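Take a look at the structure below.
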Amino acid sequence: MIFQNIISLLSKPYKMQNKYISIGFSNILYLIIILNLFACKQSGDQNAIYNISKSVTADSAMVASAHPLATSVGLDIIRQGGNAIDAAIAVQFALAVCYPGAGNIGGGGFLVYRSKDGEISTLDYREKASSFATADMYLDSLGNPITDKSLYGHLAAGVPGTVDGMVKAFEKYSKLKDWKKLVQPAIDMAENGFKITEREAENLNEDQPLFIKYNLAPTAFHKDKWNAGDLLIQKELAQTLAAIRDKGRSGFYEGNVADHIVNEMKAGGGIITYDDLKAYQAVWRSPVTTMYKGNKIISMPPPSSGGIVLIQLLKMVEPYDLRSIKFQSAATVHLMVEAERRAFADRAKHLGDPDFYKVPSVLTDSSYIQRRMVNFNPRVANKSDSISYGMIESEETTHFSIVDTEGNAVSLTTTLNGGYGAYTVVRGAGFLLNNEMDDFSVKPGTPNMYGLVGAEANKIEPNKRMLSSMTPTIIEKDGKLKMVVGTPGGSTIITSVFQAVVNVIDFDMDADKAIQSPRFHHQWLPDVIITEKDAIPLSERKLLEIIGHTFKDRNAIGRMEAIVITNQGKLQGAADRRGDDDVKGF
Ligand code: DON
């Protein structure tokens, strides 16, 4: 039966954008697409503590973030006359309090901005390796990686970038011009406490042993048992935020807070120094852009791999008419996975901090990308050991999407890397250190916590930024804002954004369907398609197995926040049902 299906599948032409190609298959036999499998039953889900809404339409402004308290902080700022950047700064600080697993002041991130007039820019506030970092700092005497060392505790942390990033965003684009107003909501929340959600309580309970192991004294996160609705009070964090409110960048990188950080490092075997803190600078960088089926994709350049890999993925599938090949059909999944295999091979070889490594500009050239797909075979899965990078002459993060009343947009992804970062809280300062050093390639070919491999381009060097997969993205069409999107998820970030973009542009989905639809992911190595439950209908999955793909199921991939601007100019927002994420607008 399956064999017959394959035969009939292969006998149909594989429809490209404007023509049919002779070999390949279509999915005419598989017209029943399970578009609504994971889609919401109704918008406006309630949970016991917060009024969380997953799907809304609004006329004027919108914030979608990982936590309802952060969403309302952002909207309040816009109501008070702030623009998208003002809201983003307030949301970043609010998340550092109410979403401690990923929101942060001890980590870093990337911001993509598009003004109402179409001006575009990106801000890189990624963490950096300390000036005392060395290429072999996570290797034992035999040269083998000691994985825990780059993942937990003081030595796992890069120099935090968030506070300088927010200051730079404020200086360049704030409309409110009232820094204190942007930081204050976070201070109040940390000082007075806020009720934790059930999901947060579960996470904190599960991770108690790690908090105990990687801290030299009890932290605000210690408790025998957390329950939904318990107040999480973070007094020391409130003091640190107050220093940031009053002194801006020097409130964090110098003075008392810097003392706390350096003391913590000395006590716990970390290597971040006063000079490292003082020297940290966030950087404005030109976005990477491409046209995809008439839409301008605007995304994050290195040191994130997100934008370049997303561009490669979109350009690799652009010649094909995905709508006629059908959503989540074997043919569509095969095509997207083969693109992912190739783009992630390039990522491993060619991408790293551009201040240290010359990232080849050809990676986003259409002709180069097309060449990468010449050995794509619609009938057979390539094996990753037969696919290399192109030859050239060289789990926890959080995302939020904001559109303000004027039409300015911010797409921002920020992280500590793993959930609760290094698990180490800086005593006296109350914030969690990141474990971003694990995003470096600690040894060529050795997978990091996301199974990603790397080489020379992403090796550890003093003061270097570690390669990221974060892909905050903005799309415009015909000169107008069309979509603001992004997600956490380590290596799956790029493929999740890829799917959301394709869902909206190729499959005409609304924001909610585009992000709630189940996801799949391939990253070259390991050579396996990772899927959420029921992401690919069983019949299609069997076909994919026959042509050589293998599968591994996992739970939720990503927590996406998207805003799509409809043809009528309405803001259509969606917050991921995989988390406590919340979208609201007015
Ligand atoms: O920068 C990166 O690519 C990673 N540090 C992101 C980590 C992440 O998304 C974890 N979230 N689930």
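What the phi angles of region 370-379 give under the Karplus curve with 6.51, -1.76 and 1.60, with θ = phi - 60°, is a coupling list of 4, 4, 4, 9, 5, 8, 5, 10, x, 9 Hz, glycine and proline written as x. Peptides 574-585, 50-61 ranked from most to least packed by the mean count of surrounding Cβ atoms within 10 Å: 574-585, 50-61.
Given the peptides 236-245, 115-124, 560-569, 341-350, arrange them by the average over their residues of other C-beta atoms within 10 Å, most packed first. Write out the running numbers ahead of the final one.
On the way: 236-245: 22.4, 115-124: 17.5, 560-569: 20.7, 341-350: 24.9.
Highest-to-lowest ranking by the protection proxy: 341-350, 236-245, 560-569, 115-124.
What order do you get for 463-471, 379-387, 310-318, 194-202 when each peptide is scored by the mean count of other beta carbon atoms within 10 Å, highest first?
Values: 463-471: 26.7, 379-387: 14.4, 310-318: 24.3, 194-202: 18.4.
Descending mean neighbour count gives 463-471, 310-318, 194-202, 379-387.
Only one residue of V501, A190, L232 has its Cα farthest out toward the positive end of the dipole of the chain, where Lys and Arg carry +1 and Asp and Glu -1 on Cβ, and that residue is V501.
From helices alone, the chain scores -9500 deg cm²/dmol at 222 nm; the rule is -39500 (n - 2.57) for each run of n ≥ 4 DSSP H residues, then divide by the residue total. Relative to the Cα centre, the charge distribution of the chain, modelled as +1 at Lys and Arg Cβ and -1 at Asp and Glu Cβ, gives a dipole magnitude of about 1340 debye.
Using amide H atoms built in the peptide plane, which far-off residues or other-chain residues are under 5 Å from D230 H to H? Result for D230 returns I196.
Taking the Cβ of G158 as the center, what net charge do the other residues with Cβ under 9 Å away carry, scoring Lys and Arg +1 and Asp and Glu -1?
The answer is 0.
Rounded to the nearest whole Hz, the Karplus-based 3J(HN,Hα) values (6.51 cos²θ - 1.76 cosθ + 1.60, θ = phi - 60°) of region 266-282 follow the sequence 5, 5, x, x, x, 10, 6, 10, 4, 5, 4, 5, 5, 7, 5, 9, 6, with x at glycine and proline. A simple count of charges around E127, restricted to other residues whose Cβ falls under 13 Å of its Cβ and scoring Lys, Arg +1 and Asp, Glu -1, yields -3. One equal scatterer on each Cα of region 301-444, no solvent, Debye formula: the resulting log10 I(q)/I(0) at q = 0.13, 0.15, 0.16, 0.19 Å⁻¹ is -0.78, -0.96, -1.04, -1.20. The eigenvalues of the Cα gyration tensor, multiplied by 5 and square-rooted, give the chain an equivalent ellipsoid with semi-axes of 37, 27, 22 Å from largest to smallest. Residues in region 119-134 carry Karplus couplings, in order, of 5, 10, 7, 9, 10, 9, 10, 5, 5, 10, 5, 4, 5, 9, 6, 9 Hz; the curve used is 6.51 cos²θ - 1.76 cosθ + 1.60 with θ = phi - 60°, and Gly or Pro positions show x. Accessible surface area normalised per residue over the chain is 35 Å², counting heavy atoms of protein chains with a 1.4 Å rolling probe.
If Lys and Arg each add +1 and Asp and Glu each add -1, what is the summed charge of the other residues whose beta carbon sits under 12 Å from the beta carbon of K225? Kindly include the intermediate steps, with their values, before the conclusion.
Values: positive: K223; negative: E202, E206, D224, D230.
Value of the local net charge: -3.
The values are calculated or read from the model by the stated rules, or taken from the named source; none is laboratory data. Everything numeric in this text was worked out from a predicted model, so none of it was measured. Neighbour counts run over all protein chains shown; Cβ positions are idealised from the backbone, glycine included. Ligands, DNA and RNA are stripped out before the accessible areas are found, and what is left, the full protein with its side chains, is counted by its heavy atoms. Shrake-Rupley method; radii C 1.70, N 1.55, O 1.52, S 1.80 Å.
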